[in-house]
Every structure is written in C-alpha cells, then in structure tokens.
1. Sticking with the crude label model, points 7 Å out along Cα→Cβ, report the distance from Glu517 to Glu252 in nm, one decimal please.
2. Using only DSSP helix segments of four residues or longer, with each worth -39500 (n - 2.57), what per-residue ellipticity at 222 nm results for the chain after dividing by its residue count and rounding to 500?
3. In region 602-662, which trypsin sites (Lys or Arg not before Pro) fall in coil by DSSP and have 13 or fewer other Cβ atoms within 10 Å?
4. Give the lysines reachable from Lys379 as a straight Cα distance under 22 Å; neighbours fewer than 8 places away on the same chain don't count.
5. Per residue, what volume in Å³ does the convex hull of the Cα atoms of region 187-230 enclose?
6. Shape of region 138-329 from its Cα gyration tensor (a ≥ b ≥ c, root eigenvalues): rounded if a/c is under 1.5, otherwise prolate when a/b > b/c, or oblate?
7. Compute the length gained on full extension between Leu799 and Arg233: take 0.36 nm times their separation in residues and subtract their Cα-Cα distance, giving the result in nm to one decimal.
8. So for region 76-183, considering every pair of alpha-carbon atoms, how many percent are separated by more than 18 Å?
Amino acid sequence: MADGALIPSVATACPYCGVGCGVAGRVIEGRTLAVSGDVAHPANQGRLCSKGLALGATVGLEGRLLAPMIGDREVPWREATALVARRFAQTIARHGPDSVAFYVSGQLLTEDYYVANKLMKGFIGSGNIDTNSRLCMASAVAAHKQAFGADLVPGCYEDLDLADLVVFSGHNAAWTHPVLFRRMEAARARGQRHVVIDPRRTDTAEVADLHLALAPQTDVRLWNGLLADLIRRGAIDRVYIAEHVGGFADVEAALAEADQSPSAVAADCDLPLADLTQFYDLFAATPKTVSLFSMGANQSAQGVAKGLAILNTHLATGRIGKPGACPFSITGQPNAMGGRETGGMANTLAGHMDFAPADRDRVARFWGAPDTARAPGLKAVDMFDAIGDGRIKAVWIMATNPAVSLPDAGLVREALAGCPFVVVSDCMADTDTMAFAHVKLPALAWGEKDGTVTNSERRITRQRALFPPPGEARADWKIIADVACAMGHADGFSWPSQDSVFREWARLTAFDNPGPEAGGRTLSLAGLVGINREAYDALRPIQWPVKADGTGTSRLFADGRFQTPDGCAAMVPVRPKGPATPCDAAYPLSLNTGRIRDQWHTLTRTGLAPDLWRHAPEVFVEMHPEDAAAAGIIEGALTRVQTAQGEAVALARLTDRQRRGGVFMPMHWTDAYAPSGRSNPLIARNVDPTSGQPEFKHTPARVRAYRETWKGFLMSREPVAAPAGLGVIWRRIPQTACALHEFAGRGDGEERDALRRALGEAEGEAVTYEDPATGARRQAWIRDGRLERVLFITTGESLPPRSWLIELFETGILPAEARATLLFGRPSGPVIDKGPMVCACLKVGAHAIDAAAAAGAASVEAIGAATGAGTNCGSCRPEIARRLQALQPARETRDAA
Ligand SMILES: Nc1nc2c(c(=O)[nH]1)N[C@H]1C(S)=C(S)[C@@H](COP(=O)(O)OP(=O)(O)OC[C@H]3O[C@@H](n4cnc5c(=O)[nH]c(N)nc54)[C@H](O)[C@@H]3O)O[C@H]1N2
Ligand SMILES: Nc1nc2c(c(=O)[nH]1)N[C@H]1C(S)=C(S)[C@@H](COP(=O)(O)OP(=O)(O)OC[C@H]3O[C@@H](n4cnc5c(=O)[nH]c(N)nc54)[C@H](O)[C@@H]3O)O[C@H]1N2
Ligand code: SF4
Ligand SMILES: [Mo]
C-alpha cells in the first residue's frame, strides 16, 4: 500500500500559487504523505503542477522552528506571548500606536489575516499593518477600486475556457500558474488564440500565436494605442458605455494628446508594426477576449496605470461580466485575495471598507473598538523606511521573508538590525529574516493548519490539517489572539477555534450590508454567517459573493452594475511614462526579475525537495548574446550584476529570448542557497505613487565578468553554510543523498587556503591528492564504508562531473573500484548524466527527451508517449517543443505544442 491508495484522503488546498488547486492528501504514516489533485475541485479538476506534486517532499520536520525562542533560548509559550504583549504595549504607551507595525502575508489563512488586522487596526488603533501583497497585487487593487468602486475581480476560470482570445500582460503563466495554463492550452486546441506581451520570450510566449516583445515599461502606450485604434475603427460598444461606464470622454480626450497611430505606438514600444497591428486586429475582431495581467503589469512605478489601461479597453468594448470576456488580474499567492478581503493592506480597513468615516464607524461598531484607526498606515516600503529611521520601534513579521523579498534588501536588513524589537512568526527556523528576530514564534505549516483561502477567481477553499501540530507550533491566528488577550483585549479575541473566527469574519461582510443586488458591498458572505463547526469542516469550494441562500457567484457585473454610487464603472485617463529611473551610460541595462518554474519565492519550502532543483540548479542571469559579448561574458561564466544599490554574482545564460538592453534574474536565492546571488539588494526602491508597489521589473544595471582565479565544490551528507568572512561565491544545491556546494573566488590564494582549512576537516578515513604546483586538491572522506564528504579545488579549468559523485553518495557502501576512482578524481567509465530536469512531475531529464527525439518522436505528444514528459501539468511542454525544434529545425513542432 505504498501509494496509500486505500487510505482515506483529506481534501485541502495547495499552499503555493493563486490558482488554488484542490489537493487530496493521504497520510501514509507519520509525516509520509501521498498527494494527488482533487478531482472534485473546480480549479484544477485533479491536476497539480510540479510544485504541488512535490508537496510530500516538503512536509518533513527538517529545518522547522518547533518552539518559541527569545534570542537563542527556547521558552514556554506563556513567556514568549507575555514578552511580545509587554513590549508592544510599552512601545505604544510611550510613542503612540503608530510606533508599532505588523508586516504580514498572502500565505496566511483568512482567519489569521482577520485576527491580525483586527488587533492592529481595531485595538492598537493604527493603520500600520501591511502585507507582502503590496509587492504583488497592490497596483491591480488600486486599479480595480478606481474603475469598479471596489477591489473586485470580475471573471472566473470558466471565462478562460470560453474565451476565443487570451492576452497575457506580463504573465508567464506556463511557469507561474501551470494548471490554469494547461486549461487554456486545452482551449487553444479548440481554437483559442494566445497573445503574450512580455519583453522576454518566456515559455508562455514561445508557444503563443503572437508574442509582443515590447520595450520594458511601455505597456500603457501599447494599450492606449489599442483603445485609440478601436475607437477609430468604431469597434467600441457605445451602448454599453452609455449605460454602464463613466469617463469615456475624458479618456478619449487624453488619448488625443498623443499620436496614437499604430506606427508611432510600434516605434515607442520597439515592436514590429505588423505584429502590433496583428494584435489590434485580433482584439478588434474577438468579442470573447480575456486579458490576464500579472507582475509585468503590477510591479511597476506605473503599475496602476497599466492596470487601468487594460480595464479601460475592456470597459469601452463592454467585454466584462460576459462569458469568456473580462480583464483578469491573476493573483500570485494562495491567499492574496483573502488578505485583500480582510484588510491586510494598510490603506483598507476590512471587508472592502476603507477609512471613509461611515465605513470606519461601521467597522468600529462591529468590533466594539472605539479606538479603531482613522487613517491608512504605512505601505510596505515606507514601513521599512520608518523602521530604519526609528519611527517604528517594534515590528511583527508573519509568513513572509522581507530580508529577501523587499526591494533594496540591503537597507531592509539594516533597518531590521537597528529595530529595538523584531518578532517573526514562521514555520522555518533559519530564514534570512529570522536572523533579525528577537522573538521567534513557531507557526503551523501547510498540512497542519486549518482554515480558508481565496483563489484568483474569488473561490474560498478550506485548507485542512493532515498532521497533528509538531512540537510547540501553533496556528498563526491563535498566536496573535493570545498576544491580544495578554494586551488586555480578551473580549474581542477569545475565539475557541478557527471556525468561530470565520463566522465573525463572515458576519462583518454582511454587517449593515443590504447586499450587492441592493447597492451594498459586493464582498458579502451572507450565506455563511451562521455556518457551524460541522458545516465549516465540510465546506465545499465556493465563490463569493455568497448569497443568503448559500449559493456562490462565478462572474461579477453580469448586470452591468458596479460598486460605485451611480452603479457605473469609471474609465480613467492614463498617460504613459518611462521607468522611474531610466538607464544611463553607467547602468545601461534594464534589470528585470521574476520567477522560475519549479521554485517558490524564498525557497524555504520548495527548496526542501531535491527534484525541484534540477530544472535550474543555480542562480543565473539571462542576457542577450550581443550584450554579453560587449562585456566579455561567455555562456556559463560567473557574472557580476551591478546596480546603484548593490551587486550580485550569477551564472550567465546567453539567449536571444532576452531582448537586447535587458537582463533577467530570478528572485528566489537567499543566504542559505547563494548569499551573493540574491537579486533584491540590487532593486531600486521606486514605487507606484498610488499603490506603493515596487518596480521589481526594472532597475538600471550593468554586467561584468567575475573572472574567478580558483573554484571547486564540496559535497557533504549535511548542508554546509558559506564560511563567514571569506569573499567566496558560494551556492548550495540540494541532492537526494547529499548537498552539493559550488564555490569560486579571486585573488592570490590566501582566501583559497582559508577556505580549504575551513572545509578540509571531517570525520572518517581521508583520501587526499594534492598538487602544490597547480593548487589542485582532491579530498574524500569515507566513514563506515560510505562516502561522507568530497572536496575538489582547482586553479585550472576542469572539475569532474558532479553526477558521478552524486551517484556515489547514493550508493551506500562504496565498491573498491569507486575508492580508486576517487583518488584519480575521474570516473572509470562514462557517466550517465540525465541533463537538466525538463519534466519535474514525471522526472524526465533533457537527455532522455533528446534520445526519444533521436528515436523518432517528433512532436510534444510523441515525446510524452515515449517518456511521460509533459503529460502531467504541462509546464514543460514549451521547453520540449523548443528542444525538438533545436534538434529538428526542419520539422514543424510548434503546432504540436
Ligand atoms: N513557479 C512559481 N510560480 C509562482 C510563484 C513562484 O514563486 N514560483 N509565485 C506566485 C506569485 S506570488 C506571483 S505574484 C505570480 C507571478 O506570476 P508572473 O507575473 O507570471 O511572474 P513573474 O516572473 O514575476 O513576471 C511575469 C513576467 O513579467 C515580465 N515583464 C517584465 N517587465 C515587463 C513589462 O514592462 N511589461 C510586461 N508586459 N511584462 C514585463 C517578465 O519578463 C516576466 O516574464 O506567480 C505565482 N506563481
Ligand atoms: N526581485 C523581486 N522581488 C520580489 C518579486 C519579484 O518579482 N522580483 N515578487 C514579489 C512578490 S509578488 C511576492 S508575493 C513576494 C514573496 O516574498 P515572501 O513573502 O518574502 O516569500 P516567501 O518565501 O513566500 O515567504 C513566506 C515565508 O513564510 C513562511 N511560511 C510559510 N507558511 C507559513 C505559515 O503558515 N505561517 C507562518 N507564520 N509562516 C509561514 C515561509 O517559511 C517563508 O519564510 O516577493 C516579492 N519580491
Ligand atoms: S498550479 Fe501548482 S502551485 Fe499553483 S495551486 Fe496548482 S498545484 Fe499549486
Ligand atoms: Mo506575489
């Protein structure tokens, strides 16, 4: 029964992206878990992507924080809770409520979020709670509020099935929302068309019908140009506008300020005119269009304008509230929506009410909290500025890793280091942010916590516990509620369990709310206010608004009514502008950052699954071959990426998928995996003036070859941290039976010798080879017949294949000939290198795919039939198509993808 097929499964939700897939989890024994997609969940209908499928590999207790800690001391909960309550209360008493802050996350459950927000805004009486959604969704939220009157996502996933055209603006869906992308691929097989607007030729762009590789930050120009073109053609919906939309004349007048001819727009966006007009024609001709927008739109100093330009176009054409037609801001985190609903953002209060006096008084009455905040608090980037300059003296960080993920992360670390009181709640013990915590609070992780999340289509799904709480870990909402009680607010925070928190939250949404049909707030859970424990435990996925009769709502605005005083949506004039800091002679390249396929954010969880490392084992910087040549950089070389804020070192990847004049780095690497490969110390702190969202997709940069003089690698059974104080470039790459560490350095050898001393001690029998002339050194340690540790250092070029040694770690007792090869530093025969992992779900490497192609498989389907690759979540299908094309340029493989 190894696969646990006969063990009853628990329906829960994936903790990663905003698709919000249902997961069926079966605990086989202890912490051994089998997962599959929940066939009954409407979002994924049984599918999971590589990250969801690997959940079982991440639920071990390795690296977990399992007891509260004050400094380095484990303490009982009562002591930790009392200290947090006392320090916050003292700070507030001395310096006022705005001297404290919470920084929270879209990875909290709705119940957690509700309680954190109620404590800060309701009972501490400050607006200073903000969420990492500020880095993610804030621009879309602001655009929604301006256009629709509230932060409302009009569409649903069914619209993506029904659309004839899907436009992806700054959205690499093939990698970031794979299960949804697979759904759209199925629609594409039925004739749906895909247009991708992204400066990079991503895997999403690669298989699209049309890719517009626009110059960075020119989206507003492109969408304004489209709207002007539609007006010129008479392809807008004047009846819809007359009945349901305000502001059209203002937008039309603003458009007239610039030359909107396709040729002028194409020139400004640096696009071939024919491609631009093809897009405009396609849009004009396709009523059933969904325009997805994600981080390429939001993470910009003009992020709100980008969102509004898209919403304007949909409103003017009446493509909203109809099957297969809507603008669709797709969410990143599993509960980005829940946070927006409960008021996790500093500029909203709760339940889509903000600080307007009537809203504020209603929430204060509901909470029985006369001190409820009267004004918005500080947004994330400003909040950390205030921590840095001492205005905020106590901060509590929950379920986010700002020392990695905020812009200008070097300054963020300085701010945290200087803050008198830092509390961090996390499930992991050693995140980069934990290093700054005075108090560490152990939170339950996925698989242990219990509550609700809301996905991109407003669908509420229960996350359910699969395991009992480990150690002393507790639910986030409970940790916060206990501190609130200790601060003297027991009346408002004494819930017995999470379902009672949910009921209170549902009641708030319905409080003084006649409902959307009667012009009230759309965000209403009226049908769930009386939900009891059993019904909560059994709750099936449901989309809000939930009507009093208990039914959900898939699509908003079907009746053309919006949540504005006159019921009309607003078109808002937006004008293009350049990036906040333009490139110049010193920093001529635009640094773009984002995600890779198999990793999640700061690697604290996906980093635990060795299989998820094989697609992109090392931090890299993508650049156009001509930009690389100009800087003397070759493929695979260690490269310095420098900006006015800082420097990182990453492996160069040369590709024409990257536009000239730009470079791309993934956002994921941390101190634990590549201390010098972190992207965010490089990012400028430019934000959108309205939303406060940082411009993560553009910072002026330059690249230089690193030119190491020595390099090597260390493999060990347990991971080793980069030796402190040495200027060595260090990367850790987890493997199943060992940890691989690659390193490199510069200089005359003093640091190399120091490193060798630091790493050259281990238990067991040592096999050593040393060549003083070249500085080469090979060392292997064997204990009880098993390979324990290997260290290779060279000043020359070549190092042996790592796969050979990785296999020796997996072998167990070493055969005699393997010991001999260790001394030679070379395998005795050929090594089977599987190549990079292409399909992480079915574990198929590049070389197996190439072999299948050589044996005659000529389409993505045929490769799938031969190897299994690409047959699960499909996020690798564009890559398979690309490999096929490279191998067989004559064959037409695009259509097969
Ligand atoms: N594998 C994986 N999936 C994830 C996550 C993860 O960590 N890993 N995180 C989740 C989260 S929280 C989020 S927010 C989503 C994000 O999902 P996406 O938004 O799809 O991801 P990103 O890679 O951040 O950025 C998308 C694209 O924006 C492009 N872009 C950059 N500048 C511009 C521009 O000026 N205009 C346009 N049009 N495009 C531009 C980038 O080149 C990039 O390809 O992913 C979610 N899913
Ligand atoms: N350069 C660059 N930077 C970016 C972005 C980019 O595109 N480029 N994207 C931005 C975006 S969109 C986002 S969403 C952020 C994400 O950035 P972060 O939120 O900083 O990243 P995560 O790794 O998801 O951090 C979540 C933390 O919470 C912990 N955790 C997980 N579950 C729980 C739980 O239930 N309770 C508690 N208490 N802790 C838990 C995890 O161990 C981890 O430490 O990064 C932003 N930063
Ligand atoms: S697409 Fe993947 S990461 Fe996103 S919710 Fe589904 S399984 Fe999880
Ligand atoms: Mo995000």
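Bear in mind these aren't lab numbers, they're just calculated from the coordinates by the rules spelled out. Quantities reported herein were computed from a predicted structural model and do not represent experimental measurements. We place every Cβ from the backbone using ideal geometry, glycine too, and count neighbours over all the protein chains shown.
1. Rounded to a tenth, the inter-label distance reads 3.6 nm.
2. -8500 deg cm²/dmol
3. Within region 602-662, the qualifying trypsin sites (Lys or Arg not before Pro) (loop, at most 13 other Cβ atoms within 10 Å) are Arg660.
4. The reachable lysines, counting only those whose Cα sits under 22 Å from Lys379, are Lys118, Lys121, Lys145, Lys306, Lys393, Lys697.
5. Values: hull volume 3.5 nm³, N = 44.
Expressed per residue, the convex hull around the Cα atoms of region 187-230 is 79 Å³.
6. rounded
7. Numbers: separation 566, 0.36 × 566 = 203.76 nm, distance 6.29 nm.
197.5 nm is the gain from fully extending Leu799 to Arg233.
8. Value for region 76-183 (Cα pairs over 18 Å): 68 percent.
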